[in-house]
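*Asks:* Here it is, the structure in full.
The values are calculated or read from the model by the stated rules, or taken from the named source; none is laboratory data. For clarity, every value in this text was computed on a predicted model and none was experimentally measured. Glycine also receives a Cβ, built like all others from the backbone with ideal geometry; neighbour counts cover every protein chain displayed.
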Amino acid sequence: MYKGTTLVPPSVLLVDDEAGFLEALSRRMEKRGLTVSTALSGAEALKKLSSGGASNFDVVILDVKMPGMDGLETLSKIKHDHPNVEVIMLTGHATVENAIEGMKAGAFDYLMKPCAIDLLVMKVDRAVIKKREHEGKILEARAQMIALKKGY
């Protein structure tokens, strides 16, 4: 059962090149009430986000070290194409430089593997709050623009 602070349980896209890790983490998050999809590469994640999935995902949990397109490159493309999607970087090979680079590129947070599932779920919850607040501000701004055009 989801016990976070948002009324609607978050939808998460897990991205990691290790299938076993993805499966285990996905099960653990689903047991906590989150809706989880997975991708085995940055390219697969971008494809899922671009095929209408960006509106279906609140948070992407993204491994840094992956063959092909690494996590930092994937993060950059996600934030460029889907700026409202929050991204949490997750790695077993953390360096201060990677963490700084990821945060500069727009990552919501940066966690080390293995990380406590309760900590990860808490970070997802906070990322969702940020995303939904930002979306609310965008809707308010659009409503104000419509009202101004109609002369209200």
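*Asks:* Looking at the stretch 24-42, which of the residues that are part of a loop (DSSP other than H, G, I, E, B) and touching a helix residue (DSSP H, G or I) at 6+ places or on another chain (Cβ under 8 Å) is farthest from Gly106 (Cα to Cα)? Full working, then the answer.
*Replies:* First, pick out the residues of the stretch 24-42 that are part of a loop (DSSP other than H, G, I, E, B): 32-34, 40-41.
Subset that is touching a helix residue (DSSP H, G or I) at 6+ places or on another chain (Cβ under 8 Å): 32, 34, 40.
Numbers: Arg32: 26, Leu34: 23, Leu40: 21 Å.
Among those that are part of a loop (DSSP other than H, G, I, E, B) and touching a helix residue (DSSP H, G or I) at 6+ places or on another chain (Cβ under 8 Å), it is Arg32.
*Asks:* I've got another one for you. Assuming Glu73 fulfils every condition listed in (1) surrounded by fewer than 18 Cβ atoms within 10 Å (Cβ to Cβ); (2) out of contact with any strand residue (DSSP E or B) (no Cβ under 7 Å at 6 or more places or on another chain); (3) within 23 Å of Gly33 (Cα to Cα) apart from one, which condition is it?
*Replies:* (3) is the only condition that Glu73 fails.
*Asks:* In the stretch 112-136, how many residues are modelled with pLDDT under 90 and over 13 Å from the mean Cα position of the chain (by Cα)?
*Replies:* 8
*Asks:* Related question: Within the stretch 26-42, track down each residue that is over 21 Å from Val121 (Cα atoms) and over 14 Å from the mean Cα position of the chain (by Cα).
*Replies:* Ser41
*Asks:* What residue, of Ala45, Ala54, is modelled with pLDDT under 90 and either under 13 Å from the mean Cα position of the chain (by Cα) or part of a helix (DSSP H, G or I) (or both)?
*Replies:* Just one listed residue meets the conditions, Ala54.
*Asks:* Which pairs do you get when a residue that is in a helix (DSSP H, G or I), found in the stretch 109-134, comes within reach of a residue that is modelled with pLDDT of 90 or more and hydroxyl-bearing (Ser, Thr, Tyr), reach meaning Cβ atoms under 9 angstrom, with the pair 6+ apart or on two chains?
*Replies:* Close Cβ pairs satisfying both conditions: Val128/Ser11.
*Asks:* Give the residues of the stretch 77-97 that are of a type outside the set (Lys, Arg) and surrounded by fewer than 19 Cβ atoms within 10 Å (Cβ to Cβ), sorted by residue number.
*Replies:* Those that are of a type outside the set (Lys, Arg) and surrounded by fewer than 19 Cβ atoms within 10 Å (Cβ to Cβ): His80, Asp81, His82, Pro83, Asn84, Gly92, His93, Ala94, Thr95, Val96, Glu97.
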